[in-house]
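> A single structure is presented below for examination.
Derivation of every value follows stated rules applied to the coordinates shown; laboratory data play no part. Just so we're clear, the structure is a prediction, and the values are computed from it rather than from any experiment. Cβ atoms come from the backbone with ideal geometry, glycine included; neighbour counts cover every protein chain shown.
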Amino acid sequence: MEIGKRIKELRGDKGWNQEEFAEKVFVSRQTVSSWENDKSYPDIKSLLLMSELFGITLDEFVKGDLATMKKEINKDAVNLFNRLSYIYGIGFLIALVTPYPLFFYLGWAGLIIWFLYMVPLIIFAFYIEKMKKTNDIATYKEIVAFCEGTELDKDSKIAEKAKRPYQRVLLAIGAGALLLAILLLESYIFK
């Protein structure tokens, strides 16, 4: 975070030492030192008071920190998305290969077990789709860029948005073909 450097710089511009500044902000000198060394972060009341003392808006005061915070939030979203995608991928593979063996060995009870397994998996899929919608990612390039913590440039973003409608159709056809192939393979193996 850059707020510590910002406080030290603005305090120096006003010619206040840490003790004088601490009195003006109603905190201890150690608290000011802690802020300036990035060991702690000022609360909102202190931030508002400091921006008033320095004669700048709160936005100008914490501008650099907002960019840093945005990157941290984005990094957290990327990490969560990656983890959930791996978990969902494994769950999806299990869902693809288990219906026929479950039915073969357990009959209708096996299919009921499979349907019960699918309920949380579908809920999980909706949650991942909600994350994708929140972060405006849909195509493969957008997902890869998001997972790497980067963004596509404006022209690439426009090109990817143009691809979205037909990619959904191809994805549905591909998923159906894959499911059919797996079911045929399983029926051949279990005969």
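> I want to check the label-to-label distance for I44 and K5. Put each point 7 Å from Cα in the C-beta direction and report it in nm to one decimal.
Roughly 2.7 nm, to one decimal.
> Can you give the extra length, in nm with one decimal, that the chain gains between T134 and V169 once fully stretched, where that is 0.36 nm per residue apart less the Cα-Cα distance?
Details: separation 35, 0.36 × 35 = 12.60 nm, distance 2.17 nm.
Gain on stretching T134 to V169: 10.4 nm.
> Fewest first, what order do Y166, Y127, Y88 take by the number of other Cβ atoms within 10 Å? Walk me through the numbers before you get to the answer.
Working: Y166 9, Y127 12, Y88 15.
Placing the least packed residue first, the sequence is Y166, Y127, Y88.
> Taking square-rooted eigenvalues a ≥ b ≥ c of the alpha carbon gyration tensor, is the stretch 3-56 rounded, prolate or oblate, where a/c under 1.5 means rounded and, failing that, a/b exceeding b/c means prolate? Write out the running numbers ahead of the final one.
Working: a/c = 1.22, a/b = 1.11, b/c = 1.10.
Taking the square roots of the gyration eigenvalues as a ≥ b ≥ c, the stretch 3-56 is rounded.
> Considering only N135, A172, C147, whose Cα is most displaced toward the positive end of the charge dipole of the stretch 70-189, charges sitting on Cβ of Lys, Arg (+1) and Asp, Glu (-1)?
N135
> Report the charge-dipole magnitude of the stretch 70-189 in Debye, nearest 20, computed about the Cα centre from +1 at each Lys and Arg Cβ and -1 at each Asp and Glu Cβ. If you can, show how the numbers build up before the last one.
Values: 14 positive and 11 negative charges, 63 e Å.
For the stretch 70-189, the charge dipole is close to 300 debye.
> Here is a further query. On a 31 Å Cα-Cα criterion, which of the cross-link pairs K130/K163; K45/K132; K14/K45; K39/K132 come out too long? Mind dumping the intermediate values first?
Working: K130/K163 19 Å; K45/K132 35 Å; K14/K45 20 Å; K39/K132 35 Å.
Correct reply: K45/K132; K39/K132.
> Given the stretch 70-189, what whole percent of its Cα pairs are spread farther than 19 Å?
On the way: 4199 of 7140 pairs.
Counting every Cα pair in the stretch 70-189, those more than 19 Å apart make up 59 percent.
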